[in-house]
Amino acid sequence: MISQLIADARKIIFKIGSNTLAGSDGKINYFFLDEFAEQTAALMKKGKQIVIVSSGAQIAGLSAMDKWARKKDIHYRQALCAVGQVQLMKAWQQAFDENGFHIAQILLTREDFSDTNRTLNMRNTLFTLVDEGIIPIINENDTVSVEEIKIGDNDTLAANSAILWSADLLILFSDIDGLYDKNPKEFPQAELVEEVRDIDSVRKNITIGAANNFGTGGIATKLDAAQLALSYGIPTILTNGGSPRSVEALAAGAQKGTVFLA
Ligand code: ADP
């Protein structure tokens with residue numbers, strides 16, 4: 001099912017969560033980025049169009065400014081993301097450069113999606129970049145997004161971007177194999193739900209546990225994102241980005257995940 005969805009899709013959004021981008025030391029995992037870029041580049045060479053939604057500005061910021069680690073003040077958090085966003089893009093740029101691709105940074109806020117002029121401009125820019133073989137890397141613009149106006153989680157940002165770009169498929173890469181009946185971090189016996197056709201009923205039947213250290217949305221926002229994408233006919237896969245060569249394995253049908261279908 002998963003490999004078929006990937007084979008059939010031409011325009012795919014990859015969303016990568018903070019915990020997938022971070023190594024066990026809480027800093028940016030450069031090995032992951034390099035391997036992920038290499039696999040993405042291979043898919044593009046086979047004719048796929050890829051847009052990435054990448055979290056991780058805060059983690060990258062902490063890697064560079066560890067003396068700010070304990071500063072919880074909102075302005076320091078935003079400043080940390082401003083520092084980290086540069087580091088994050090530098091890491092992606094190096095990783096894709098080695099594979100012969102240019103990247104482009106797109107920073108968005110919730111307001112951008114509710115303004116017709118802005119959505120039109122965003123859409124045109126995305127199409128132009130992708131047509132030119134450049135990989136857009138989207139993140140929330142944390143500098144301008146104070147709490148009240150935040151999209152708040154990149155799962156929703158990825159779903160909105162998928163709709164904006166009319167993607168064929170949305171893949172959410174997290175640090176778990178998919179949606180479980182309960183939090184697998186707390187319950188090792190938790191069972192993977194491999195296919196979801198009715199998100200409302202699944203919400204009633206599973207237990208949602210806490211998100212991770214750096215995760216902002218947790219599983220609840222992944223369900224919201226999948227529901228939003230599905231309402232526009234875009235199937236969504238939730239899978240583990242941290243397992244070895246996850247993009248390749250997924251395309252080959254060798255990696256599990258949860259598929260959300262209409
Ligand atoms: P990301 O950084 O990839 O966006 P999050 O930390 O926001 O990830 O959300 C993923 C986490 O949600 C998992 O690591 C897991 O611990 C937690 N979680 C809670 N309940 C569930 C559940 N029912 N199924 C899967 N994961 C769950």
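The values are calculated or read from the model by the stated rules, or taken from the named source; none is laboratory data. Treat the numbers as computed from the prediction; the structure is a model and nothing was measured. Here the Cβ positions follow ideal geometry from the backbone for every residue, glycine too, while neighbour counts run over all protein chains shown. Just so you know, the surface numbers come from the protein's heavy atoms only, side chains and all, with ligands and any DNA or RNA stripped out. Shrake-Rupley method; radii C 1.70, N 1.55, O 1.52, S 1.80 Å.
Structure summary
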read-out: Members of the stretch 21-45 found to be at pLDDT 95 or above and among the charged types (D, E, K, R), listed by number; value: 34, 35, 38, 45
read-out: Residues that are part of a loop (DSSP other than H, G, I, E, B) and basic (Lys, Arg), drawn from the stretch 38-56; value: 46, 48
read-out: Answer from 164, 126, 172 - the residue that is open to solvent by less than 40 Å² (accessible area, probe 1.4 Å) and either within 13 Å of the ligand (Cβ to nearest atom) or among the acidic types (Asp, Glu) (or both); value: 172
read-out: Hits in the stretch 22-50 (condition: in contact with a Leu (Cβ under 7 Å, 6 or more places away or on another chain) and without any contact (Cβ under 8 Å) to a residue 12 or more places away in the chain); value: 29
read-out: Hey, residue 240 modelled with pLDDT of 95 or more, open to solvent by 20 Å² or more (accessible area, probe 1.4 Å) and not aromatic (Phe, Trp, Tyr) or not; value: yes
read-out: First in the stretch 201-223 and open to solvent by 30 Å² or more (accessible area, probe 1.4 Å), second anywhere and modelled with pLDDT under 80 and more than 6 Å from the ligand (Cβ to nearest atom), Cβ under 7 Å, 6 or more apart; value: 216/152
read-out: Evaluation of residue 222 against (1) within 9 Å of the ligand (Cβ to nearest atom); (2) over 13 Å from the mean Cα position of the chain (by Cα); (3) of a type in the set (Lys, Arg) (one fails), failing number; value: (2)
read-out: Single unsatisfied condition, residue 155 versus (1) surrounded by fewer than 21 Cβ atoms within 10 Å (Cβ to Cβ); (2) touching a residue at least 40 places away in the same chain (Cβ under 8 Å); (3) closer than 30 Å to residue 73 by Cβ; value: (1)
read-out: Selected residue (criterion: farthest from the ligand (Cβ to nearest atom)) from residues of the stretch 35-63 that are under 24 Å from residue 140 (Cβ atoms) and open to solvent by 10 Å² or more (accessible area, probe 1.4 Å); value: 49
